[in-house]
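The values are calculated or read from the model by the stated rules, or taken from the named source; none is laboratory data. Note that the coordinates shown come from a computational prediction; the quantities given were computed from them, not determined experimentally. Here the Cβ positions follow ideal geometry from the backbone for every residue, glycine too, while neighbour counts run over all protein chains shown.
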């Protein structure tokens, strides 16, 4: 026999149970082949430094589970189990027996074990019924805000991805997903790299009305800067500021932690536009300087418009309904 078993005396799991689990795993993996002979109780006791009674108890348990058979005068062998329709059921029942015994060894009562099993079954049932949604966007700022908005829809598990990550690893959007949400801008690309079909949901973004109102209120001639974490977010905000502001001195977007002299930059501004929750995108020093800025700070964010959001709510509702039919 070439298989080596390992036990850890420091674990709370009884030694005989560790040995049972190790041999069962070896049998299931094929490391121990059918009809292969196991070491004698004496041999394994000496090899592992474990009492012979512990080894015998493990072998007795394995025999009870139908994994080994003892042949008088010859030794203990891995039991040959021809494939049959009932074998998977037998394995399932054996696995349940093993789990129950492990929990009993830990001191739990039958009533407590029943509660644990019911809780886990309910938890798995709820997970399986949830709608798996992937969100794809090209910049971290919009991705974060869109994710916050989607999490208000009940019954979904959300997976957020930057577009560049999907460009490198398209397999992240696999068939396990129920819905892939992205903007109109990126939908055509995703349709080319993934077999999305009906799973692709296209949404439209808009600058939040409160942000737009603050930008509109900026007085003429004011010096306005834009700070961002991603260039694409900065460019989008720059275009919107040009559209909604009236004759302001608008500076090109600057990146956080991009070698910018933040102190000097802020001294030349009356207003600075920032991504919502900007503290998580900038360094501690940059955050301190921004908090001390005496001009106006406008935190900007984008959201899915009302029509897009209602569309997604309806999509997820229908998916959930189909699963209950």
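Tell me which residues, restricted to segment 65-78, are at pLDDT 85 or above and assigned to a loop (DSSP other than H, G, I, E, B). Hits for segment 65-78 are 67, 74. When 221, 225, 234 are checked against the criterion of being on the phi > 0 side of the Ramachandran plot and either part of a strand (DSSP E or B) or touching a strand residue (DSSP E or B) at 6+ places or on another chain (Cβ under 7 Å) (or both), 221 stands alone in meeting it.
Looking at residue 311, is it surrounded by fewer than 20 Cβ atoms within 10 Å (Cβ to Cβ) and assigned by TED's automatic domain parsing to the domain that holds residue 140? In short, yes. Of the residues examined, residue 244 is not one that is surrounded by fewer than 19 Cβ atoms within 10 Å (Cβ to Cβ) and outside the structural domain of residue 275 (by TED's automatic domain parsing). Being assigned to a helix (DSSP H, G or I), surrounded by 14 or more Cβ atoms within 10 Å (Cβ to Cβ) and in contact with a helix residue (DSSP H, G or I) (Cβ under 7 Å, 6 or more places away or on another chain) is a description that applies to residue 62. The residue of segment 256-274 that is surrounded by the fewest Cβ atoms within 10 Å (Cβ to Cβ), among those that are more than 39 Å from the chain's Cα centre (by Cα) and outside any helix (DSSP H, G or I), is 268.
The residues of segment 209-239 that are more than 34 Å from the chain's Cα centre (by Cα) and touching a residue at least 40 places away in the same chain (Cβ under 8 Å), listed by number, are 214, 215, 218, 222, 223, 224, 225.
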